[in-house]
Amino acid sequence: ILDGDSRRRDLAEAVWRVIGRDGVERASVRAVAAEAGLSAGSLRHFFPSQSDLLAYAMHLVVERVEARVAAAPAAASERQAIEQRLHQLLPLDETRRTENEVWLAFTAQALVRPELRDLWADVHGALRHACTIAVEALGARDIEFEARRLHAVIDGLAVHAALSQGEAEPSRLTATLTRHLDLLAIGGQHHSPAA
């Protein structure tokens, strides 16, 4: 008998597979139960609603990103460390592409499901915080503005990669981020526009 946490993780991964293959609209309790080889009644024992299922899947995405950041090898420089951390937020491989799809699906659902908005705000805030740490380390003058701008670049890259195969090439994503960070580092010598 699998313990509850292990079963929930299995079910969250089933949500990821259904969203990745069929889209969030199809990630119903019934569809996820079938994907996991369970009855809908059994799945409802763990997750009474689709919102509960999506929220747990999103929590698991956050855990995995944080674990990868924590396990990253020591970088040769602070700049390299910043890029390594930010790369964990981009869809550069199959795992991160699925996480990106879950995040985008979760964001769309949070617009129409009030019960998901607090979690969305927490994850959004954590992403903004990661961007703030990065721009502080790069010596930006207007930290708040540059953190918002970096966040917008990362979000934009993630959305474009999800919507267009041509935009999903990992080398294109990382080159765009690197170029933005280069300009940000140089821009520390200039004033950023007011927010």
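Touching a Lys or Arg at 6+ places or on another chain (Cβ under 9 Å), open to solvent by 80 Å² or more (accessible area, probe 1.4 Å) and in a helix (DSSP H, G or I), is that true of residue 111? So residue 111 passes the test. The lone criterion from (1) among the hydrophobic types (A, V, I, L, M, F, W, C); (2) part of a helix (DSSP H, G or I); (3) closer than 26 Å to residue 168 by Cα; (4) at pLDDT 90 or above left unmet by residue 102 is number (4). Residue pairs whose Cβ atoms lie under 7 Å apart, sitting 6 or more positions apart in sequence or on different chains, and linking a residue in the stretch 167-180 that is on the phi > 0 side of the Ramachandran plot to a partner that is open to solvent by 40 Å² or more (accessible area, probe 1.4 Å) and aromatic (Phe, Trp, Tyr), do not occur here. Residue 38 meets the conditions (1) modelled with pLDDT under 90; (2) within 20 Å of residue 117 (Cα to Cα); (3) aliphatic (A, V, I, L, M) in every case but one. The failed one is (2). Inclusion of residue 160 among residues that are within 13 Å of the chain's Cα centre (by Cα), modelled with pLDDT of 90 or more, within 24 Å of residue 24 (Cα to Cα) and open to solvent by 40 Å² or more (accessible area, probe 1.4 Å) is not warranted. Restricting attention to the stretch 1-17, and to residues there that are open to solvent by less than 40 Å² (accessible area, probe 1.4 Å) and in contact (Cβ under 8 Å) with a residue 24 or more places away in the chain, which single residue is nearest to the chain's Cα centre (by Cα)? For the stretch 1-17, the residue satisfying everything is 16.
Taking every residue in the stretch 18-32 that is free of Cβ contacts under 8 Å to residues at least 40 places away in the same chain and pairing it with any residue that is buried (at least 18 other Cβ atoms within 10 Å of the Cβ) and among the charged types (D, E, K, R), at least 6 positions away or on another chain, the pairs with Cβ-Cβ distances below 7 Å are 18/35. For residue 118, the conditions (1) exposed (fewer than 13 other Cβ atoms within 10 Å of the Cβ); (2) more than 21 Å from residue 65 (Cα to Cα) all hold with the exception of (2). Residues that are among the hydrophobic types (A, V, I, L, M, F, W, C), at pLDDT below 90 and part of a helix (DSSP H, G or I) within the stretch 163-195 comprise 163, 184, 185, 186, listed in sequence order. Filtered by the rule that a residue be of a type in the set (S, T, N, Q) and either surrounded by fewer than 15 Cβ atoms within 10 Å (Cβ to Cβ) or assigned to a loop (DSSP other than H, G, I, E, B) (or both), the stretch 56-84 gives 77, 80.
So is residue 127 under 12 Å from the mean Cα position of the chain (by Cα), closer than 28 Å to residue 23 by Cβ and free of Cβ contacts under 8 Å to residues at least 40 places away in the same chain or not? Spelling it out, residue 127 is indeed under 12 Å from the mean Cα position of the chain (by Cα), closer than 28 Å to residue 23 by Cβ and free of Cβ contacts under 8 Å to residues at least 40 places away in the same chain. Within the stretch 1-29, being more than 17 Å from residue 99 (Cβ to Cβ), aliphatic (A, V, I, L, M) and either assigned to a helix (DSSP H, G or I) or at pLDDT 85 or above (or both) holds for one residue alone: 29.
The values are calculated or read from the model by the stated rules, or taken from the named source; none is laboratory data. The structure presented is a predicted model; accordingly, all values stated were derived computationally and were not measured. Virtual Cβ from ideal backbone geometry, glycine too; neighbours counted across all protein chains shown. Heads up: the accessible areas ignore ligands, DNA and RNA and are worked out on the full protein's heavy atoms, side chains in. Shrake-Rupley method; radii C 1.70, N 1.55, O 1.52, S 1.80 Å.
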